[in-house]
Amino acid sequence: MKNAFFGVLLALQFLTRIPIPVTCPWTPDTRRWAIRAYPLVGLMIGSVLALIAFAMHNVPTPITALAVLSVWVALSGGLHLDGVMDIADALGSNQPLARRWEIMKDPQIGSFGMLALVFLFAWKAVLVWALLTYQAPLWWLLVVPALGRWAGVALLVLTPCAKQQGLAWSWQQSLSAQDVALALIPLALIALLAPALVLMMLTVTVFVVLMRWLMLRLFNGINGDMVGATIEGGELWLLILLWSWWQFATVSPLGI
């Protein structure tokens, strides 16, 4: 139980900006429990977002959407955005593989990285705005951050690292496919109450498969930046699919 407790704290320290003044042991057991707790931390973040949306239901929707997105970024500290920008800069350069890796390591942000960041925020903002406008049940805010973090777990565990060094490779030495399955337990329990969550899990799995294929093809493996980018991309993927459902199947049913 002690390892599980420290694992949850490690996950909170890695995935949020919540100050936790505890030095957690960095052992294979605590790393395994931390990975299993990634979706649980996502549920915590999602709970805060859902509460904000509920408390601001009488506020103009654009303001509510901006508040939700601001807290979303503040809680995570934008920790995964660096991966999005690094990948955008590397791919936008149209350079050979070795040069792309050099660009990934460069602490400077290029124009492609800035564009990726702007469009990511813009798309998230308008999609959150649209879903709030449709008055979709707020459980979507609860599960999107959780499934996004599970996507990062799945990519990390099931995709080889490009180099045998770095934080991602260090994590991988302690992990197995079992940890990916165990990380789904909190979401599986919610799926008993919201069966639509099963479909969301399947669509996120498709996204992970696509990301795995792309990262292997473009970079011959992954690093920590790509795990972060998968979390951000998984969230955006789910928001687009949720908007599509509410727009075309609920708000404007086909054939009407």
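The values are calculated or read from the model by the stated rules, or taken from the named source; none is laboratory data. Here the structure is a predicted model, which is why all the values come from computation and not from measurement. Positions of Cβ are generated from backbone atoms using ideal geometry, with glycine treated the same way; all protein chains shown enter the neighbour counts. All accessible areas refer to the heavy atoms of the entire protein, side chains included, with ligands and DNA or RNA removed. Shrake-Rupley method; radii C 1.70, N 1.55, O 1.52, S 1.80 Å.
A residue that is loosely packed, with under 15 Cβ neighbours inside 10 Å and closer than 30 Å to Pro28 by Cα cannot be found anywhere in the stretch 139-159. Answer with yes or no whether Leu216 is open to solvent by 40 Å² or more (accessible area, probe 1.4 Å), of a type in the set (A, V, I, L, M), touching a residue at least 40 places away in the same chain (Cβ under 8 Å) and assigned to a helix (DSSP H, G or I). Answer is yes for this residue. A count restricted to the stretch 1-21 and to residues that are charged (D, E, K, R) and outside any helix (DSSP H, G or I) stands at 1.
So which residues in the stretch 22-40 are of a type in the set (S, T, N, Q) and either open to solvent by 60 Å² or more (accessible area, probe 1.4 Å) or not in a loop (DSSP other than H, G, I, E, B) (or both)? Of everything in the stretch 22-40, those that are of a type in the set (S, T, N, Q) and either open to solvent by 60 Å² or more (accessible area, probe 1.4 Å) or not in a loop (DSSP other than H, G, I, E, B) (or both) turn out to be Thr23, Thr30. The single condition among (1) farther than 30 Å from Trp246 by Cα; (2) at pLDDT 90 or above; (3) crowded, with 18+ Cβ neighbours inside 10 Å that Gln178 does not satisfy is (3). Only a single criterion out of (1) at pLDDT 95 or above; (2) among the aliphatic types (A, V, I, L, M); (3) in contact with a helix residue (DSSP H, G or I) (Cβ under 7 Å, 6 or more places away or on another chain) is not satisfied by Leu187, namely (1).
I need the full set of residues from the stretch 8-21 which are open to solvent by 60 Å² or more (accessible area, probe 1.4 Å) and either β-branched (Val, Ile, Thr) or in contact with a Lys or Arg (Cβ under 9 Å, 6 or more places away or on another chain) (or both), in order please.
Filtering the stretch 8-21 down to residues open to solvent by 60 Å² or more (accessible area, probe 1.4 Å) leaves 13-14, 17-19, 21.
Passing the criteria: only Ile18.
Only one of the numbered conditions (1) open to solvent by less than 30 Å² (accessible area, probe 1.4 Å); (2) under 18 Å from Asp82 (Cα atoms) is not met by Asn223, and that is (1).
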